[in-house]
Amino acid sequence: MNKIVFFSGLDCSGKSTQIEILNKKLKKDKQKVLVFWSRGGYTNGFQKLKDIIRALSGKKLPKPGITPEREKALSNPIIRRVWLTIAMIDLFYYYAIYLRIKYFLGYNIICDRYLMDTNIDFKLTYPKNNTDKWLLWRLIEVFALKPDLHFVSTIPVKESVIRSKFKFEPFPDSPETLAHRLELYNKDLEKNRSLIFIDGLRDKNEITTEINNLVNKV
């Protein structure tokens, strides 16, 4: 039976490494696999929509990435609410429809980030909007594809900063933001006992063995 496995957590905590290992293992076993990366407002579908709007508007939209122009545009409460609404509709399509179709077509679904990660993103970036209270967000949570296993990987803030420098992350979080992000992940781990904590400081092979054992039991 095909499996649904999600990976959440701090950047540079080892998620991508474990996702790639699991992906290769399943494919070696002749199974179909879809690895899906998501971040609210930054999926491929959302990017294509912005490219179309940018082309139709004569490139009046801010350029992709964290720029002063983008921050200025999103400081407008109306523009910000529209942006967040479109981002949520986009997530609803992917998590409630697209991934479910792929699952029924026999694909193992591996998600690099999930709603938890986007919820934390929104809380950190737009704290006054209370997006997790929106009806649209709650509908996404109800109808989104649910995981068989959901791993949450974290590491200390100092280690995340060091690893991001070695990976040449283009837009790394500040230590203060990382600390707040880590606090929110820990709160989610405390509230939701179905989440599986992964200590990103542990030996990579030990983590791989633990993940494989749990996946094989599904």
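The values are calculated or read from the model by the stated rules, or taken from the named source; none is laboratory data. On a predicted model such as this, the values are computed, not experimentally measured, just so you know. Here the Cβ positions follow ideal geometry from the backbone for every residue, glycine too, while neighbour counts run over all protein chains shown. Just so you know, the surface numbers come from the protein's heavy atoms only, side chains and all, with ligands and any DNA or RNA stripped out. Shrake-Rupley method; radii C 1.70, N 1.55, O 1.52, S 1.80 Å.
May I ask you to give the average projected area over all directions of the convex hull of the Cα atoms of segment 110-164, in nm² rounded to one decimal?
Values: hull surface 20.3 nm².
Quarter of the Cα hull surface area: 5.1 nm².
State in Å² the accessible area per residue of the chain; use a 1.4 Å probe, count heavy atoms of protein chains only, and round to the nearest integer.
For the chain, the per-residue accessible area is 58 Å².
Test of understanding: extend the Cα→C-beta vector of Asn129 to 7 Å, then name every residue of segment 172-213 with backbone N under 11 Å from that spot.
Within reach of a label on Asn129, which here means backbone N under 11 Å from a point 7 Å along Cα→Cβ, segment 172-213 contributes nothing.
Could you look at the chain and say what percent of its accessible area is carbon and sulfur, using a 1.4 Å probe and all protein chains?
Values: 7430 of 12560 Å².
Here it works out to 59 percent.
Kindly provide the pair-distance distribution of segment 75-118 built from C-alpha pairs, with 10 Å bins from 0 and whole-percent values in order of increasing distance.
24, 41, 24, 10, 1
Using the Karplus equation 6.51 cos²θ - 1.76 cosθ + 1.60 (θ = phi - 60°), what ³J(HN,Hα) coupling, rounded to whole Hz, does each residue of segment 182-195 give in order, writing x for Gly and Pro?
Residue by residue, segment 182-195 yields 4, 4, 5, 4, 5, 5, 5, 5, 5, 6, 10, 6, 7, 6 Hz.
Straight-line reach from Lys123: which lysines fall under 16 Å, measuring Cα to Cα and dropping same-chain residues less than 8 apart?
Straight-distance partners of Lys123: Lys133, Lys187.
How are the Cα pair distances of the chain distributed, in percent, across 5 Å bins from 0?
Reading upward from the zero bin: 1, 6, 13, 18, 19, 17, 14, 8, 3, 1, 0.
Express the relative contact order of the chain as a whole percentage, based on alpha carbon pairs under 8 Å and six or more residues apart in sequence.
Once normalised by length, the contact order is 35 percent.
Which ³J(HN,Hα) values, rounded to whole Hz and listed in residue order, are derived for segment 77-94 from phi using the Karplus coefficients 6.51, -1.76 and 1.60 in 6.51 cos²θ - 1.76 cosθ + 1.60 with θ = phi - 60°, glycine and proline given as x?
Using θ = phi - 60°, the values come out as x, 5, 4, 4, 5, 4, 4, 5, 5, 5, 4, 5, 4, 4, 5, 4, 4, 5 Hz.
Which of the lysines could be linked to Lys48 by a straight reach, that is with a Cα gap under 19 Å, when you skip same-chain ones fewer than 8 residues away?
Cross-link targets: Lys59, Lys60, Lys63.
Karplus couplings for segment 95-101 from phi (6.51 cos²θ - 1.76 cosθ + 1.60, θ = phi - 60°), rounded to Hz, Gly and Pro as x?
7, 8, 10, 4, 5, 5, 4
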